[in-house]
1. If you scan the range 82-110, which residues turn out to be more than 14 Å from N130 (Cβ to Cβ) and touching a strand residue (DSSP E or B) at 6+ places or on another chain (Cβ under 6 Å)?
2. Which of (1) buried (at least 19 other Cβ atoms within 10 Å of the Cβ); (2) within 25 Å of E38 (Cβ to Cβ) is the odd one out, the single condition D103 does not satisfy?
3. Of all residues being part of a loop (DSSP other than H, G, I, E, B) and of a type in the set (V, I, T) in the range 117-163, which is surrounded by the fewest Cβ atoms within 10 Å (Cβ to Cβ)? Just the residue, please.
4. Within the range 95-116, identify whether any single residue is part of a loop (DSSP other than H, G, I, E, B) and at pLDDT below 95, and answer yes or no.
5. When the residues of the range 164-181 are narrowed to those that are of a type outside the set (G, A, S) and not in a helix (DSSP H, G or I), which ends up surrounded by the most Cβ atoms within 10 Å (Cβ to Cβ)?
Amino acid sequence: MMAPTPSSVIQAKLVLLGDLGAGKTSIVVRFAKGLYYECQESTIGAAFFSQALPVSGAGGGEDATVRFDIWDTAGQERYHSLAPMYYRGAAAAVVVYDITSTDSYIRAKRWVDELQRQGNPHLVMALVGNKVDLEKRRKVGTQEALEYAERNGLFFLETSAKTAQNVGELFYELAERLVKVRPNHPAGMVLHNDGQRGVRGRWFCCSG
């Protein structure tokens, strides 16, 4: 595959937020490494990943490569005060909840409210209902979450980190939307002239 032209490389800060056990880390590990762990350790503070994703030009648009700098934040309440350090200046945010947990969904909506208050008008935000492989234990209806997302200007997907359902689609949709808002040069996005690609699956854990 040909390397992207220098003008087509976009570096974008992405943050994942959500309740403990919603599957944030499993989603990003599935995306960045193609792996799934039945016993995924809880994130302490935050974990960092970097992954590049090519986006084909649509409707005559330019091909681009979005290089995601992904901050996967801890879901424990005691780390909540650290979250602004990671989402401040982000170009995109993914708020994750567990479809088998009503409490997880309620807390996801609180994250959406917090992100909307922080005031980045160009923030690309997704609401993600994870663990659709546990359909028989579902507590949060698809239509309810979809309508909430539409009312709040989010895009919505249901995923399974375990089976990889819609995980790639989630990040591709984020990348496409970031390419579209690129002319506005929103916070959290850097246009590169070096043509370098992201490093696949870098992982750093930070103590909180």
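1. A83, Y86, Y87, A90, A91, A92, A93, listed by residue number.
2. All conditions pass for D103, except number (1).
3. T163
4. For the range 95-116, residues part of a loop (DSSP other than H, G, I, E, B) and at pLDDT below 95: absent.
5. So the residue we want is N166.
The values are calculated or read from the model by the stated rules, or taken from the named source; none is laboratory data. Because the structure is a prediction, the values reported are computed rather than measured. Positions of Cβ are backbone-derived with ideal geometry, glycine not excepted, and every protein chain shown enters the neighbour counts.
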